[in-house]
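Undergrad: Following this message is one structure expressed as structure tokens.
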């Protein structure tokens with residue numbers, strides 16, 4: 001699997017690298033990118049086998065909010081059928097392993113996780129990258145990860161867990177920091193099984209009876225921004241964990257989403273000034289993704305395939321950024337002028353940024369400059 005395959009003719013300065021579930025965790029945690037959630041009751045085998053969405057690199061079949069409680073059994077059976085059909089087509093040569101997206105299942109509760117886990121067989125495990133643990137808390141975290149560890153030992157395979165931080169204890173200021181510290185203690189204990197940390201912007205918004213409009217970003221909702229900044233503060237210090245950005249709820253798929261002519265524009269500045277580039281739904285996604293990157297989020301939960309190219313495209317690194325990162329990582333200390341002679345690169349303070357940026361470059365590729373983002377989207 002490789003990012004940016006939705007635009008196979010695009011010329012990168014440095015091509016994105018291949019990855020799969022067996023890629024080292026230190027790299028794989030940066031590779032999730034646009035993570036598309038799908039109801040666990042729907043059959044996605046045909047879409048995967050026909051490569052309907054060539055840019056799709058990470059998919060989540062959801063047993064929780066995307067379906068009704070009475071549909072869980074149907075969703076579990078559908079998931080097992082999906083794994084069986086994919087395996088059969090791998091054996092028959094219809095599809096290659098490198099063409100499969102990372103496959104993740106979003107559990108409903110620890111009990112449902114155990115029930116579904118008991119349905120899995122050895123031949124299913126090489127297809128499963130991870131499980132998402134919704135409303136992850138200090139109360140249920142040990143139970144989730146203890147059973148995940150049991151599955152790893154039972155099948156002698158690697159299956160990761162990804163907690164979703166979205167509970168009321170985190171939303172409420174008076175309980176937040178104590179809860180986040182307790183959760184971090186759990187994750188530190190099972191660190192080798194933690195692939196990524198997800199955040200629930202919609203659940204946080206629900207706690208306060210708000211919803212961001214199409215012309216706002218999650219960072220404009222002050223109570224939710226408060227939650228996100230504390231999560232980043234606790235979990236991204238010294239690049240300890242990779243945290244993904246919250247879902248963007250709006251989509252508008254139309255033929256007009258393709259450029260007839262590439263606009264001549266300062267891409268980031270135009271978006272942040274709310275000047276139209278594509279349409280309000282996609283511009284809003286791009287605007288929020290810019291702010292996700294600026295704040296240290298890597299990747300984003302998505303709900304529509306039209307979002308894939310924009311989220312993953314935005315995670316590509318410009319040549320200037322990449323050269324700065326290489327210069328910082330290749331210098332022992334001090335302060336030096338950047339290769340473009342337009343900024344100061346201070347080796348010690350900028351090293352963590354450079355480490356993260358080089359991982360992004362490996363996963364999403366290096367492009368010439370900001371204007372290249374628009375050409376990459378096409």
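Undergrad: Computed FRET efficiency, Cβ-Cβ of residue 45 and residue 97, R0 22 Å: what is it to the nearest 0.05?
TA: Rounded to the nearest 0.05, the efficiency is 0.90.
Undergrad: Tell me, what is the FRET efficiency for residue 172 and residue 233 to the nearest 0.05, using R0 = 25 angstrom and their Cβ-Cβ distance as r?
TA: For residue 172 and residue 233, the calculated efficiency is 0.90.
Undergrad: Given a Förster distance of 41 angstrom, what is the FRET efficiency for residue 22 paired with residue 215, based on the Cβ-Cβ distance and rounded to 0.05?
TA: Here the calculated transfer efficiency is 0.45.
Undergrad: Let me ask you something else. Can you give the alpha-carbon Rg of the stretch 316-378 over 2.2 N^0.38 Å, where N counts its residues?
TA: This ratio for the stretch 316-378 stands at 1.15.
Undergrad: Distance from the Cα centre of the stretch 358-378 to that of the stretch 38-94, in angstrom?
TA: Answer, in whole Å: 30.
Undergrad: Turning to a different aspect of this structure: Using only Cα atoms, find the angle between the long axis of helix 72-91 and the longest principal axis of the chain, and express it within 0 to 90 degrees, rounded to the nearest 10.
TA: The helix 72-91 is inclined about 70 degrees to the chain.
Undergrad: May I ask for the distance between the Cα centers of the stretch 263-310 and the stretch 172-218, given as a whole number of Å?
TA: What the calculation gives is 22 Å, centre to centre.
Undergrad: While we're on this one: Report the equivalent ellipsoid semi-axes for the chain in whole Å, largest first, defined as the square roots of five times the eigenvalues of the gyration tensor built from alpha carbon atoms.
TA: 31, 25, 22
Undergrad: Right, something else. Could you check the spin-label model distance between residue 332 and residue 73? Points 7 Å from the Cα along Cα→Cβ, value in nm.
TA: Going from the residue 332 label point to the residue 73 one covers 6.9 nm.
Undergrad: Using 7 Å Cα-to-Cβ label points, what is the residue 185/residue 222 separation (nm, one decimal)?
TA: Modelled inter-label distance: 3.3 nm.
Undergrad: Taking Cα atoms, how many degrees apart are the long axis of helix 347-364 and the longest axis of the chain, rounded to 10 and kept between 0 and 90?
TA: It is inclined by approximately 60 degrees.
Undergrad: Subtracting the Cα-Cα distance from 0.36 nm times the residue separation, let me have the gained length for residue 118 to residue 52 in nm, one decimal.
TA: Stretched out fully, the residue 118 to residue 52 stretch lengthens by 20.6 nm.
No lab work stands behind these numbers, since they all come straight from the coordinates. None of the values given here were measured: they were computed from a predicted structure. Cβ sites come from the backbone with ideal geometry, for glycine too, and all protein chains shown count toward neighbours.
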